[in-house]
1. Which of the peptides 58-70, 12-24 is most tightly packed, and how do the rest follow, judged by the mean count of other Cβ atoms within 10 Å per residue?
2. Return the calculated 222 nm mean residue ellipticity for the chain, to the nearest 500 deg cm²/dmol, obtained by summing -39500 (n - 2.57) across DSSP H runs with n ≥ 4 and dividing by the residue count.
3. Can you pick out the pairs among K10/K83; K6/K83; K5/K41 whose Cα atoms lie more than 22 Å from each other?
4. Write down the accessible area per residue of the chain in Å², having rolled a 1.4 Å probe over the full set of protein chains.
5. Here are some values of Rg and Dmax of the Cα atoms in Å: (1) 12.8, 44; (2) 12.3, 35; (3) 12.8, 39. Which one was computed from this structure?
6. If you average the alpha carbon positions of the stretch 61-83 and of the stretch 1-53, how far apart do those two centres end up, in angstrom?
7. Tally up the carbon and sulfur contribution to the accessible surface of the chain as a whole percent, 1.4 Å probe, everything protein left in place.
8. Between R72 and residues 5 or more places away or on another chain, which pairs have amide H atoms under 5 Å apart, with H built 1.01 Å from N, and which residues are they?
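The values are calculated or read from the model by the stated rules, or taken from the named source; none is laboratory data. From a predicted model like this one, the values you see are computed outputs, not experimental measurements. Cβ sites come from the backbone with ideal geometry, for glycine too, and all protein chains shown count toward neighbours. Heavy atoms of the whole protein, side chains included, go into the accessibility calculation; ligands, DNA and RNA do not. Shrake-Rupley method; radii C 1.70, N 1.55, O 1.52, S 1.80 Å.
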Amino acid sequence: MISIKKFSAKWCSPCRMMQAEIRLLRKLHPTWKFEEIDIDKEEATTEQNNIHSVPTLIFTDGKKTKRLTGFRTANDIEAFVYKHFGGVK
């Protein structure tokens, strides 16, 4: 199973724009686990994950971890997952 952590902030316009993309991915891939982390409220988690800009997505399948930074469409995110994690559903 793929797990996606989205690091964002309320004041971040690209983060807010990505909300619709994440909602679409939740519908298309109900087995993917999504977690939203507000960098202003969860500073320790943000620091532990070396987050320096938002939005940042961290992907893991339990074996490997990858990350994307900046606004991405649902198609971009889906293509990234398939490229780096194979046919994960």
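1. The most tightly packed comes first, giving 12-24, 58-70.
2. One gets -11500 deg cm²/dmol as the mean residue ellipticity at 222 nm.
3. K10/K83
4. 61
5. (2)
6. Value for the Cα centre distance between the two parts: 12 Å.
7. 52
8. When sequence neighbours closer than 5 places are left aside, there are no close amide H contacts.
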